[in-house]
Amino acid sequence: MNLSGQSHNLRPPVSKLLGISAYYHDSAACIVIDGTVFAAAQEERFTRKKHDHNFPIHAANYCIKEAGLGSARELDYVIFYDKPLVKFDRLLETYVSYVPLGIGSFIKSMPLWLKKKLWMREDIQDQLDFAGEILFAEHHESHAASAFFPSPYESAAIITMDGVGEWATSSIGVGKGNKIQLLKELHFPHSIGLLYSAFTYFTGFKVNSGEYKLMGLAPYGEPKYVDLIRSELIDIRDDGSFKLNMRYFDYCVGLKMTNSRFAGLFGGPPRPPEGKLTQREMDIAASIQVVTEQVMINMADHARKLTGERNLCLAGGVALNCVGNGRLLKNGIFENIWIQPAAGDAGGALGAALLLHHQLLDGTRSVDNQHDLQAASKLGPKFEESEIERFIREKGIQATRYPTWEALTGKVSDLLAEEKVIGWFQGRMEFGPRALGARSIIGDARSSEMQSRMNLKIKFRESFRPFAPSVLREKCSDYFELNCDSPYMLLVADVQQARRKPVPKNGAFGIEKLKQLRSDVPAITHVDYSARIQTVSETEDPIYHQLLKTFYEKTGCPVIVNTSFNVRGEPIVCSPEDAYRCFTRTNMDCLVLEKFVIEKKDQDNLPPIDLSWQKEFVLD
């Protein structure tokens, strides 16, 4: 354990701790009270700037208010999720090693370091008006803490994988009771996260945002470049470690991820952003996905041997690769896997706060090896019915309020069966990048048109992108080859054979595969017969479960489409105002705000859909 602060004269376990992540990407805040994660949110949801990296003042203020505190002065500690001075040391050492090649990148990065990052303690004091103890955790310890402490397990192996923290890029550790220990680390520049981001960049997607697009594109291609990647770019070892050939990468010193040598390996320059997708990009995506999964498997195998644990906890940005997670589970190296829903930098705020409570303050931790402590990751703001009613009245919106949840879910299930696309806004907002039934756009998974309609007319995004299913937990195995919970949409599994429809073996290639129906729930079946599954249980989300159950009783299908409530380039909606704005900007048919149902056909004087909002959000 290596926390730093003004002193180490820490008091016994206390009740009010604020974790902060900031100034890299996905800034966030989290408040922990007596060891319980009480509230957590990303800054982007309040500022409406996707992946907002600025100090999370709005998120912090929300957490403080949600905890019933008058101000940050009532907090006992604030903890930052990594160590800026150690990270700055890594940057300086890297730039010096490559002089003069890195001067452009160095000059570009320095202003934020000199104004903010090097003065993090003073910045936290000023931003929050906080005069108490401020501590700094190590980046991968924060990830490891976010993976283990909210998990259901008394003990578990821990793997963290991301781009880079201070020096570490991956780690293997172990958690027991209320303590964690990191046993091994890989260091910069050798990073599976940065390797995957390099391919994200090369295929024309945005780094630190478009990696999930690369994962979704992979099934359209063939992994024809695997041998080339393994012979030229990465040396993967049996113990889970690896080494990159830095001759092909530019991220140490340049403003790009790859260089001309990399382009030479793959027959030409990177695809320009928004350029035409070709079979090359699809094959590259398939290939790097295979290589990434092999690294994950090797690392997990070594972690099992090193720790002897039967449970595994994952965090770090690479843990959002749900295809790789699904392969890990199917491989059977570990009996059980739990993945932090906010696995990226946002979750570092949560991990840092829990690290302080358990590791340094020796706070108690009680688990049952079945149920996690993440509160379904519904940790963000909730809006009372009175607030929503006032908003509807002030806007002159035509809405129907249903008196009971039974009546509401009955109406919405009818609309779903009519193939209407619905914005679903219920309860506390999710923490993490996935919509889990609180801020979701939902539709009928049986519809052959739903996938393309949602992509092109609702989300305004690339047609190849797959959609995830929400399924009744008790009916999951009837539709998917998955026999465990997947409440956070972080596991991919195949659709059951009995649900599949055959397609010609020598038929369509690439994006043309989209036109082939592959199952009786085609809207959520990817071209390789896989799906990114969210299981919905009655105990964790009774209202969303009731909607699915009612839809099942009416249609015989316990599966619906669930995608995040936003348009391309926009953060997931937070407030009723955000939701209504998104509703009016798209071809969505209906908006549900708690017990209020707003149908577009009932609205008078709605202007034609104006796509000028696309200038407001930077495409991801």
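Kindly put 93, 293 in sequence by how many other C-beta atoms sit within 10 Å of each C-beta, fewest to most.
Fewest-to-most Cβ neighbours within 10 Å comes out as 93, 293.
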Exposure-ranked with fewest Cβ neighbours within 10 Å first, 199, 46 stand as 46, 199
Sparse-neighbourhood loop hits (chymotrypsin sites (Phe, Trp or Tyr not before Pro), region 502-610; DSSP loop; Cβ within 10 Å at most 14 others) -> 509
Cα convex hull volume per residue for the chain, in Å³, equals 147
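Test of understanding: what is the full-extension gain from residue 616 to residue 261, defined as 0.36 nm times their sequence separation minus their Cα-Cα distance? Before the final figure, lay out the partial values.
Numbers: separation 355, 0.36 × 355 = 127.80 nm, distance 3.60 nm.
Extra length available between residue 616 and residue 261 comes to 124.2 nm.
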Taking every C-alpha to C-alpha distance in region 192-338 and binning by 5 Å from 0, the per-bin percentages run 2, 9, 19, 23, 20, 13, 8, 4, 2, 0
Computed over the chain, the relative contact order (Cα-Cα under 8 Å, seq sep at least six) in percent reads 16
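What ranking of 441, 598, 397 emerges when the number of other C-beta atoms within 10 Å of each C-beta is taken as an exposure proxy, fewest first? Let's see the in-between values first.
Values: 441 26, 598 22, 397 19.
The most exposed by this proxy come first: 397, 598, 441.
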For region 519-572, Rg(Cα) over 2.2 N^0.38 Å is 1.32
Among 115/256; 549/600; 16/382; 457/505, the pairs whose Cα-Cα distance exceeds 27 Å are 457/505
Quick calc, region 363-513, dipole around Cα centre from Cβ unit charges on Lys, Arg (+) and Asp, Glu (-), nearest 20 debye, gives 480
Taking a straight Cα-to-Cα line shorter than 12 Å from residue 50, and setting aside same-chain aspartates and glutamates fewer than 8 residues away, one finds 26, 570, 616, 620
A convex hull over the alpha carbons of region 340-498 yields, per residue, a volume in Å³ of 189
The answer for the per residue Cα convex hull volume of region 385-615, in Å³, is 123
Computed about the Cα centre, the charge dipole of region 526-565 from +1 Lys/Arg and -1 Asp/Glu charges at the Cβ has a magnitude in debye, to the nearest 20, of 120
If every Lys and Arg gets +1 and every Asp and Glu gets -1 at its Cβ, then about the Cα centre the chain yields a dipole, in debye to the nearest 20, of 1380
Full extension between residue 238 and residue 85 adds, at 0.36 nm per residue less the Cα distance, a length in nm of 51.7 nm
Long-range alpha-carbon pairs in region 308-391, meaning those over 15 Å apart, account in percent for 71
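May I ask what percent, to the nearest 5, of DSSP beta bridges between residues of the chain are antiparallel? All intermediate terms of the calculation are to be shown ahead of the outcome.
On the way: 59 of 82 bridges.
Around 70 percent of the beta bridges assigned by DSSP in the chain are antiparallel ones.
Loop-only check: which trypsin sites (Lys or Arg not before Pro) in region 171-226 are DSSP coil with at most 16 other Cβ within 10 angstrom?
224
Where a number appears in this text, it was derived from the coordinates with a stated rule and is not lab data. Computed from a predicted model, the values in this text were never measured in an experiment. Counting neighbours? That spans all protein chains shown, and the Cβs are built from the backbone with ideal geometry, glycine included.
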